Amino acid sequence: MATMAAQETTAPATAHATATAHANANATAPERTTGPASGPAGGGAPRATEIRRHELAAFLRSRRERLTPERVGLPRGARRRTPGLRREEVAHLSAVGVTWYTWIEQARDIQVSVQVLDALARTLLLDASERAHLFQLAGAADPSPASSCTGITDALRATLMQLDPLPACIQNSRYDILAYNRTYARLLCDLDAIPPEDRNCMLLVHTDPGWRSSIVHLDETTRLMAAKLRAAMAGHLSEPAWKTLLGRLQAASPEFRENWERYEIVANRSKTKLFRNAHVGLLTLSHTDLWLSPQQGARMVTYTPVDTESRERLEKLYRMFP
């Protein structure tokens, strides 16, 4: 079996390329067989794999052709003949080598990493069902938190609702926001407007303007968050979901890259936080983590007001969005 390394572009040109150029560099070099992929006559498994590769190629091609350049921030140009995006445009926006992406659309027998699949899903603006279909065709597990929120029971959701107007959410150790109540949805930004796969505290504090403007001590917070992620990631260094998150942060935020290289380590801790809410003003809240499982896995994050003014403002925020 001959080894063929994927080609990589330099830095992505638009916001759609924030999906992990660095994670691509960490992926192992895929391989391609030199003989027929279908195997001997009657070989069911090889034949099924070949069919799935062709379906994956057709699916990507159809989604590429339906996207106009304007939707992904590219100029149309006067000499465009291809319906939708060109292959090289998809490759560039996804921080993937053009040859490598071409091989995927040609149904070559190559191993596509979850980081590349995640980047393609974002570039092609796939919705949740299309994203799930993409990963299923590729025979890969989706690292997105939206695909694996199986531990949130009805009882936990009811508890979150009962805590209103106190902001509360459930996060995993990767800082994915898995569930939240009405007040938390408007505490730092309009969380309902954020795609489920992007509801991650690390991503939002480094990339979302609304979230960042709500943090009073932003520089201190981003440095602390990078240190928390490094501490939390120690036991998950080889896991695709963690590598994907790290790659997205490194691609999207020079601030994160600088703080990450400090190699600082900070464990989770409760503290008083100051938020500048866009609707009700300054909030002084006490942050508490309530662990839902051992080994510092999922936790319920709660915020309680430290003064009467903050309590009244939280109640007002809750009433503003019924």
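The values are calculated or read from the model by the stated rules, or taken from the named source; none is laboratory data. Here the structure is a predicted model, which means the values were calculated and not measured. Note that we place each Cβ from the backbone using ideal geometry, even for glycine, and neighbour counts take in every protein chain shown. For accessibility, only protein heavy atoms count, side chains too; no ligands or nucleic acids. Shrake-Rupley method; radii C 1.70, N 1.55, O 1.52, S 1.80 Å.
Scan the stretch 286-322 residue by residue and report those that are within 19 Å of ILE152 (Cβ to Cβ) and either charged (D, E, K, R) or not in a strand (DSSP E or B) (or both).
Of everything in the stretch 286-322, those that are within 19 Å of ILE152 (Cβ to Cβ) and either charged (D, E, K, R) or not in a strand (DSSP E or B) (or both) turn out to be ASP289, LEU292, SER293, PRO294, GLN295, GLN296, GLY297, ALA298, ARG299.
So is VAL301 open to solvent by less than 30 Å² (accessible area, probe 1.4 Å) and either in contact with a strand residue (DSSP E or B) (Cβ under 9 Å, 6 or more places away or on another chain) or acidic (Asp, Glu) (or both) or not?
Values: open to solvent by less than 30 Å² (accessible area, probe 1.4 Å): yes; either in contact with a strand residue (DSSP E or B) (Cβ under 9 Å, 6 or more places away or on another chain) or acidic (Asp, Glu) (or both): yes.
Yes; evaluated as a whole, the condition is true for this residue.
Residues of the stretch 112-127 being open to solvent by 10 Å² or more (accessible area, probe 1.4 Å) and within 17 Å of LEU67 (Cα to Cα), which ones?
ARG122, LEU125, LEU126, ASP127
Looking at ALA107, ALA95, which is the one that is aliphatic (A, V, I, L, M), touching a residue at least 60 places away in the same chain (Cβ under 8 Å) and in contact with a helix residue (DSSP H, G or I) (Cβ under 8 Å, 6 or more places away or on another chain)?
Working: ALA107 fails: touching a residue at least 60 places away in the same chain (Cβ under 8 Å).
Result of the check over ALA107, ALA95: ALA95.
Within the stretch 229-285, track down each residue that is outside any loop (DSSP other than H, G, I, E, B), modelled with pLDDT under 90, open to solvent by 40 Å² or more (accessible area, probe 1.4 Å) and of a type outside the set (Lys, Arg).
Of everything in the stretch 229-285, just one residue is outside any loop (DSSP other than H, G, I, E, B), modelled with pLDDT under 90, open to solvent by 40 Å² or more (accessible area, probe 1.4 Å) and of a type outside the set (Lys, Arg), namely PRO240.
Where residues in the stretch 165-194 are within 25 Å of ASP307 (Cβ to Cβ) and of a type in the set (Lys, Arg), which of them is least open to solvent (accessible area, probe 1.4 Å)? Break it down into steps so the answer makes sense when it comes.
Kept after step one, since they are within 25 Å of ASP307 (Cβ to Cβ), are these residues of the stretch 165-194: 165-169, 180-189, 191.
In the following step, the residues that additionally are of a type in the set (Lys, Arg) were identified as 182, 186.
Working: ARG182: 82, ARG186: 46 Å².
Checking each candidate, the answer is ARG186.
Restricting to the stretch 57-87, give me the number of residues that are surrounded by 14 or more Cβ atoms within 10 Å (Cβ to Cβ) and in a helix (DSSP H, G or I).
9
Can you tell me which residues in the stretch 88-111 are surrounded by fewer than 23 Cβ atoms within 10 Å (Cβ to Cβ) and β-branched (Val, Ile, Thr)? Let's see the steps before the verdict.
Filtering the stretch 88-111 down to residues surrounded by fewer than 23 Cβ atoms within 10 Å (Cβ to Cβ) leaves 88-89, 97-100, 102-103, 105-111.
The answer is VAL98, THR99, THR102, ILE110.
Could you grab me the full set of residues in the stretch 195-220 that are open to solvent by 40 Å² or more (accessible area, probe 1.4 Å), part of a helix (DSSP H, G or I) and over 24 Å from ARG122 (Cα atoms)?
Matches in the stretch 195-220: SER213, ASP219, GLU220.
Among (1) closer than 30 Å to LEU317 by Cβ; (2) open to solvent by 40 Å² or more (accessible area, probe 1.4 Å); (3) assigned to a loop (DSSP other than H, G, I, E, B); (4) at pLDDT 90 or above, where does GLN162 come up short?
That leaves (3) as the condition not met.
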